[in-house]
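See structure below.
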Amino acid sequence: MNISKTSLDSKIIEYNKYLTKLERELQRVVIGQSNAVKVVIMALMCNGHVLLEGKPGLAKTLLVKVLAELNDCNFSRIQFTPDLLPTDIIGMTTLASTFSAIVGGKAPLDLEIIKGPVFANFILADEINRASPKVQSALLEAMQEKQVTIGKKTYKLDEPFLIFATQNPIEESGTYELPAAQTDRFLFKSKVGYPDIFSEEIILDNNVTTNKFSDLNIKPVINSKKIIEIQELVKQIEVSPTVKRYIVKIVDATRNPKNYNVNSGKYILYGASPRASIGLYIAGKANAFLNNKSFVLPQYIKNVAYDILRHRIRVNYEGIANKITSEDIIKEILEKVPLP
């Protein structure tokens with residue numbers, strides 16, 4: 001779908017009305033988490049998956065549940081536990097006997113496909129790091145190819161298909177580190193922090209009057225058709241060669257920090273993959289869209305850099321010992337790589 005710049009500008013303004021309402025409704029329910037709200041909305045626009053990391057009780061699960069309700073899409077929640085099996089996620093092939101066979105007839109037994117909870121538009125993978133890597137890897141095909149293989153058959157997943165995973169960073173007992181191949185397939189990783197004092201006062205007031213989820217009075221503001229249309233429009237946002245080079249330099253600085261005088265580069269075990277460049281590219285377009293622009297400015301790349309890169313830069317043991325985080329490295333990279 002290729003449209004003129006004038007038409008694109010008008011459509012961006014038109015569809016931003018839906019996104020603004022979506023953000024407003026999310027902010028009404030999920031108090032004090034403005035960055036996480038923006039990230040999940042951009043994930044919708046980019047058709048990308050999100051990893052939400054934060055301590056318990058910070059409304060990570062609530063955020064995804066409310067987002068699903070506001071989008072009028074099919075929603076599944078998977079509570080990850082140590083005893084979870086891959087078939088609990090994607091489904092299984094089982095024997096299905098016909099009625100005549102049950103009552104003593106000679107009809108053959110047929111194979112039946114029982115589809116798992118992954119067959120939905122929005123998947124909440126709650127506390128994903130509590131399940132074994134084997135179970136987590138069961139999501140890889142769904143995340144990357146938007147399809148699932150059960151037995152000898154492959155099934156396409158409905159669009160839009162998005163996985164919102166949560167994990168708790170403060171507990172190590174009974175948890176597993178996500179495989180790097182899986183982590184890299186999350187477009188965004190958002191850190192969900194504590195709300196400020198003012199926001200927490202509002203949370204107290206709201207909690208007194210809300211006893212159950214239905215009391216939140218959430219009504220859909222957008223549907224799957226409009227989401228797919230927005231995703232197509234985001235692809236039409238222009239990225240100049242200068243901004244493309246800026247994206248590539250940022251990612252290259254994670255691999256060759258000495259070339260950019262990034263002092264914290266000595267703490268990098270390994271840098272970001274080409275998926276990081278692709279992530280900055282598409283997320284920058286989404287950020288431009290939210291700013292009613294049909295072209296990407298370098299600042300829009302900086303706006304999304306932390307959420308795109310923080311899970312794609314691995315800090316070495318020396319960095320961990322010195323309490324250096326990937327955010328520290330990203331901050332210096334953004335300072336050292338000059339804006340075009």
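Would you be able to say whether some residue in segment 295-309 is of a type in the set (Gly, Ala, Ser), surrounded by fewer than 20 Cβ atoms within 10 Å (Cβ to Cβ) and within 24 Å of the chain's Cα centre (by Cα)? No - not one qualifying residue is present in segment 295-309. Please find, within segment 35-92, the residue that is surrounded by the most Cβ atoms within 10 Å (Cβ to Cβ) out of those that are part of a helix (DSSP H, G or I) and hydroxyl-bearing (Ser, Thr, Tyr). Only one residue tops the list, namely Thr61. State all residues of segment 119-165 that are in contact with a helix residue (DSSP H, G or I) (Cβ under 7 Å, 6 or more places away or on another chain) and either among the polar types (S, T, N, Q) or outside the structural domain of Asn223 (by TED's automatic domain parsing) (or both); if no residue qualifies, say none. Selection gives Asn121, Gln136, Ser137, Gln147, Thr149. When Leu204 is tested against (1) without any contact (Cβ under 8 Å) to a residue 60 or more places away in the chain; (2) under 25 Å from Lys5 (Cβ atoms); (3) assigned by TED's automatic domain parsing to the domain that holds Ser10; (4) of a type in the set (A, V, I, L, M), just one condition goes unmet, and that condition is (2).
Considering segment 310-335, and only residues there that are surrounded by 19 or more Cβ atoms within 10 Å (Cβ to Cβ) and under 26 Å from Pro241 (Cβ atoms), the residue that is farthest from the chain's Cα centre (by Cα) turns out to be Ile333.
Considering only residues in segment 289-340 that are of a type in the set (Ser, Thr, Tyr) and part of a helix (DSSP H, G or I), the one that is nearest to Ile230 (Cα to Cα) turns out to be Tyr300.
The values are calculated or read from the model by the stated rules, or taken from the named source; none is laboratory data. Quick caveat: nothing in here was measured; it's all calculated off a predicted structure. Glycine also receives a Cβ, built like all others from the backbone with ideal geometry; neighbour counts cover every protein chain displayed.
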